[in-house]
Amino acid sequence: MRSLTKTGIRILSAKYRSILIKCAIINASVFIGAFGAGSAFAADVTGWDGFKNAINGTDTAINVKNDINFGADTLNPITRDLSIVGDTTGRYLSGNDTYGGLQIGTDADKDDTLILQDISMQHFKKLDDGAAINNKAIIAGITGNFSHNSANTGGAIYNYGATAEISNITGDFEFNSATKQGGAINNAGSIYAEISNITGNFKGNHTDSTDVGGGAIYNGGVINNITGDFENNYTASTKNQYDMILGGGAIANTKTINISTSDEKSTILFEGNYITNSTGKGGAIWNRQGTVGLYAKGVNDTITFVGGEDDTTNNRYNIDGIYNQATLNINGNGTNTYAGTVNLYNVSDADTPTGTTNIYGGTVNVAKDITQKTITIGSGAQLNATGNIITETLVNNGDITVSEIVANIQNNEGASITFNNNEILIVNLTNSGTVNFNGYLNYPDSNVSITQNAGTINFSDMAATEGNPIKVFTMNGGSVNIADEDAYNILHINQLNLTGNIDFTIDADLENEISDRIKIHDIDNSEIASDKTITIKGINLLSDATQDKINISLFADDATRDVLKNNVRSNIKGLTYSSIYKYDALYDSATGMIGFTRYESGTSDDFNPYIYTPSVVANTTAAMTTQIAALAMDKMDDVVHAQGCSGGDTPSSSNVWVKVMGLN
């Protein structure tokens, strides 16, 4: 019956298995408490001999009353349901840096369940796998710490096989080591090995070999969740015998692993994790072919990868970096979306990128670069990158602020991208949202193409220059804004495809009779549809004209004027204002000029109505009063002392200072 029951449990989903196993932990605690020491089912042990006999015996519960140092005698594999429980203060099992620990299950018997409660394991050592725990069956729960254990793989815990399963681990892993992979934990399975949840910190764990990696954790199965900090874990891993790049100072992953905050722990920190040589990758995480999830669940929760420059003196490289060749999910997984903040140091990939990063929600800040094959930003999510974003495809439904970028970008409706540097490196941009260029387009050989379908593109001063024009600008719709308080800008376009109707906003300096302009470099290969229009929908007047009427060209040269002048329209007549006056602005398709005529009706209608608003009038009055007072005080050099009068011709007894205006 027991075998049938466990077989039934195994076919349930991971979620329900976890619930049942948690119930098993609770029931085991009740069971142990009910029978207590001396019962027919529980053995109280105080030393190695008693512990050895209890493990090799038939008792279903062992109460550990003292710390126990293991000896040379061999323990049998645990092939029955068993609970090992420390007293309320917690107990240590120690291998004296010589002996191995516990084996749960065998290749032939994998249906047994262990509960390890208030037991910490330290200084175990094995030449093969899992110095403290080697599990091939089911561990319903572990509460206790693991420190200074060492093995070939899985310095503290080796969880192996399609049936290997650990429900919950609550405890810290410190200074464990492995020759190959998984300094603290190796979770590996031919189909999958599963760990449902780990709550605890990983500090100072490492692997020594240049093969495989995972200074703290090597995961080849499923780890549904880890809530804990990773500090100063490292690996010497570089490449294996197949010349495959390896790494993962803290974590090496080939299947599924998730790291998330919780109600009890709102901040997770990766700090000081590294590779000991310059060729290894992923000082914090190396994700070869699986999925890594980083979930800052609460709106105020944070996951931070501190990072730092390579420390060549101490052989610490790629500190707290992520090397992702598969899938990195941040703040979501397609089903759930989280709102916290994830601070990354850098995300790198192979020379030919294969990785995908999906940002579903919250805010992601990248201190350095992010290099991936594909990056997707979800609706409401925000990506801020101080360095470069380098990717074949970037699909944005949220908000991006970045210094430099190389990508095929799809910026969707409602989304926004802001570029903040002097070099904006883009291959292709397809926009239906908002894009702000606050720097230069500077891709080699002018290899920048933009397709504007909807939304708005805002160009700053000299965004597209003579030497670096937009390679192909396809205008299907939306709007382009060149107004940035500088009327000397020229939007340089190598090839213009006007295949839709688009709105433009420009600056105009009426005093100097110049405005922002357009220049097409390759007119022969441009496609200008005769029935499509560029509508001058807004003009930002920077100054007033010195004459009643002036004309300003919208085009930087005659060739551009001749090919575009009949496609330009203006719908701003009577609605163009300087800071003081109102102007008619009328476009003339025959000349390609915009004519500005100042209103002169002799009424208040000639002025910008804004100057009549109460706040402006009040501010103007106050400013004038201040200036008059300042002028008066400036003339105080020359004064006369005169006797004041209280009224009429009769002098009063009071004396006043009288300012004599105009005295030199």
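The values are calculated or read from the model by the stated rules, or taken from the named source; none is laboratory data. This structure is a prediction, so every number in the text was calculated from the model and none was measured. Don't worry about glycine lacking a Cβ; one is built from the backbone with ideal geometry, like all the others, and counts go over all protein chains shown. Ligands, DNA and RNA are stripped out before the accessible areas are found, and what is left, the full protein with its side chains, is counted by its heavy atoms. Shrake-Rupley method; radii C 1.70, N 1.55, O 1.52, S 1.80 Å.
Details
- Checklist (1) surrounded by 20 or more Cβ atoms within 10 Å (Cβ to Cβ); (2) more than 25 Å from residue 297 (Cβ to Cβ); (3) out of contact with any helix residue (DSSP H, G or I) (no Cβ under 9 Å at 6 or more places or on another chain) applied to residue 425, failing item: (3)
- Subset of the range 546-562 [surrounded by 17 or more Cβ atoms within 10 Å (Cβ to Cβ), β-branched (Val, Ile, Thr) and out of contact with any Phe, Trp or Tyr (no Cβ under 9 Å at 6 or more places or on another chain)]: 560
- When 226, 275 are screened for being in contact (Cβ under 8 Å) with a residue 24 or more places away in the chain, over 14 Å from residue 185 (Cβ atoms) and hydrophobic (A, V, I, L, M, F, W, C), only 275 passes.
- Subset of the range 131-165 [closer than 15 Å to residue 193 by Cβ, in a loop (DSSP other than H, G, I, E, B) and either among the basic types (Lys, Arg) or over 35 Å from the mean Cα position of the chain (by Cα) (or both)]: 136, 137, 163
- Within the range 250-302, the set of residues being hydroxyl-bearing (Ser, Thr, Tyr), closer than 22 Å to residue 350 by Cα and surrounded by fewer than 23 Cβ atoms within 10 Å (Cβ to Cβ) comprises 254, 256, 276, 278, 279, 291.
- Of residues in the range 472-500 being at pLDDT 95 or above and more than 33 Å from the chain's Cα centre (by Cα), the one farthest from residue 527 (Cα to Cα): 500
- Of the strands (runs of 3 or more DSSP E) lying entirely inside the range 520-573, the ones with 3 or more residues being of a type outside the set (D, E, K, R) are found at 534-543, 549-553.
- Any hit, the range 123-140, residues being closer than 20 Å to residue 64 by Cα, open to solvent by 10 Å² or more (accessible area, probe 1.4 Å) and basic (Lys, Arg): no
- A Cβ distance below 7 Å, combined with a sequence gap of six or more or placement on separate chains, defines the contacts here; from the range 475-487, residues that are within 15 Å of residue 555 (Cα to Cα) and of a type in the set (Val, Ile, Thr) reach residues that are open to solvent by less than 30 Å² (accessible area, probe 1.4 Å) and assigned to a loop (DSSP other than H, G, I, E, B) in the pairs 482/489; 482/516.
- Checking 530, 515 one by one, the residue that is of a type in the set (Gly, Ala, Ser) and buried (at least 20 other Cβ atoms within 10 Å of the Cβ) is 515 and no other.
- Selection within the range 356-387 - open to solvent by less than 20 Å² (accessible area, probe 1.4 Å) and not in a loop (DSSP other than H, G, I, E, B): 357, 359, 364, 366, 370, 372, 375, 377, 383, 385, 387
- When the range 569-593 is filtered for residues that are open to solvent by less than 10 Å² (accessible area, probe 1.4 Å) and in contact with a Phe, Trp or Tyr (Cβ under 6 Å, 6 or more places away or on another chain), the ones remaining, listed by number, are 576, 583, 585, 592.
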